[in-house]
Amino acid sequence: MKKYILFLVTVALLSSCFDLDHEEFGSISSTNFPSSSADLEAAAIGVYKNLGESYIARSLDYAGLTLNELCTDEMNTAWTSSWQIINTLAWTANNDPAKNIYNTYIKAITKATRLIDAVSQSSMDEKSKSGLIAEMRVLRSFYANAAYSLFGPIAIITDPSIANDVYSEYKPSRPTKDEYLKFMIDELEEVTSGSNLSDRIASDDWGRFDKGSALTLLMKIYLDAKMFDKANQTADKIIALNIYDLLPSYASVFDINNEGAVNKEVIFAIGRLVSNTSYGWTYFACVMPQAPAYKTKTGTLLTVWGGLKMPWDFYDKYEAQDERLNTIIRYYEDVDGNWVDYRFVEHTRAIGAIPMKYSEDPEHRGDTQGNDFVVFRYADILLSKAEAMNELNGPSKECIELINKVRRRVKATEIKLEDYTKDALRDFILEERGRELYNEGHRRNDLIRHGKFIQRAIDRGIDAKPYHVLYPIPQSAIDENPNLKQNDGY
């Protein structure tokens, strides 16, 4: 709670001197950047603040979560406008729904670069200095990878002399894919090989990067790049920390009462807070049914829009006894005490199951909830290692056991080694990742990695083209910097 208070206070403090709009960076130089230890720590919170403005924004129409889910088979929408543009892959460079996120990621990366430089020149004690620099390098890599997954390699600023003094005149071209990947991998390999990051973040600093979350980011970069040997080795390093494990029940992972370092399955989460609605988010308002109105367990009066759902085709991928279905609502009691089978409700927004995922927030206010958003967790490590092992050597006893450990927790039928070829197990792992990690922002990357993103869209009746694996660079960015090359197809 002290950190949340600090977060709110520092955000207000920094609003006029640090958290500047994209085009205003040129007004800041190395001579007026925060220099005291307190200022630098507050500035670090300011860089984290961009996570709540992009990756999991309060309004989900332009959130990274939505951009990575609504274009897949895992989520659909009854809404129009920008929601349909994402859902049907109908985006263009002129109406790109990812424009705000593009700008926010670039802004956050530049802020991190400036902060890394300022800390390196500060009078902080060496331990605090090296720790904060390592943490900001991880956070910068997180933003860089989040942008890369949506747009491909983009022009980012990692040179402090540019970030501090000549930002507005800097008109770079885009790096190559290899150059961009090398930057992220080199950054993360270096910081995770040293001792500057703690293995596990303390409760008071929950929501900041530590060694486990940095290794997880590195593992996921390796996996998406199909560097399976490196992904497997990095997964082993995470497991060897002996910090994380699956919780006994799936629903407990997302229970608001299990937030913080006490949750041994969650590796990294973005902290949300409902007491100030600017730092909450509107997930429940988006997924809960409008009619018949859902009766909340907390009795809190909620604002419900109800335009996002899980398609019934995806819901049907779960076995009947799978306890993950306890977090995906088909049957519920409405406010009038009637029992509802939502699959047979005739309503314009009754287009799929209700992916509640998180437990209700008893302090929910109107359309806003304060549940922390889970970004990385241990089940992903196990399934990622299983995928990497299968790609390297085909099915094995160890690989199958990793998958079964995840399935055993939810009482899903365990799979058998003798039933799978390498190709068949690859397909099974993709679907198991969907069932396990639904609405956590991984589906688009998973489908792209497996070469099935475009075909799944076509199967849904969408006129998808190969270039839709990337969003376009916003036209406004190209107008500002003509040296940027647009993604092919746009």
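Nothing in this text is a laboratory measurement; each read-out follows from the coordinates by a stated rule. In this text, all values refer to a predicted model and were calculated from it rather than measured experimentally. So basically every Cβ, Gly included, is an ideal-geometry build from the backbone, and we count neighbours across all protein chains shown.
Remarks
- Region 158-269 - percent relative contact order, Cα under 8 Å, separation 6 or more: 22
- Protection proxy ranking, peptides 234-241, 99-106, average beta carbon neighbours within 10 Å, highest first: 99-106, 234-241
- Antiparallel DSSP beta bridges within the chain, as percent of all bridges there, nearest 5: 95
- Checking every one of the GluC sites (Glu not before Pro) in region 367-425 against DSSP loop status and a limit of 16 other Cβ atoms within 10 Å picks out E414.
- The ellipsoid that matches the Cα gyration tensor of region 27-123 has semi-axes, each √(5λ) in whole angstrom, of 36, 13, 9, with the longest given first.
- Within the shell of other residues whose beta carbon sits under 9 angstrom from the beta carbon of A353, the net charge comes to +3, with Lys and Arg scored +1 and Asp and Glu -1.
- Taking every alpha-carbon pair under 8 Å whose residues sit at least 6 apart, the chain reaches a relative contact order of 20 percent.
- Environment charge at N483 (Cβ cut-off 14 Å; Lys +1, Arg +1, Asp -1, Glu -1): 0
- The chain, helix-only ellipticity at 222 nm - DSSP H runs n ≥ 4, -39,500 (n - 2.57), divided by all residues, nearest 500: -13500 deg cm²/dmol
- With a threshold of 23 Å on the Cα-Cα distance, the over-threshold entries among K264/K297; K182/K237; K107/K309; K177/K220; K211/K385; K171/K230 are K264/K297; K107/K309; K171/K230.
- Label reach from L417 (point 7 Å along Cα→C-beta): in region 369-386, amide nitrogens under 17 Å belong to 386.
- Ordering of 137-150, 190-203, 216-229 by packing [mean C-beta count within 10 Å, highest first]: 137-150, 216-229, 190-203
- Based on C-alpha pairs under 8 angstrom that are at least 6 apart in sequence, region 272-371 has a relative contact order of 43 percent.
- The Cα atoms of region 272-371 define a convex hull whose projected area, averaged across directions, is 6.3 nm².
- Most tightly packed first, judged by the mean number of other beta-carbon atoms within 10 Å of their residues, the peptides 373-386, 462-475 read 373-386, 462-475.
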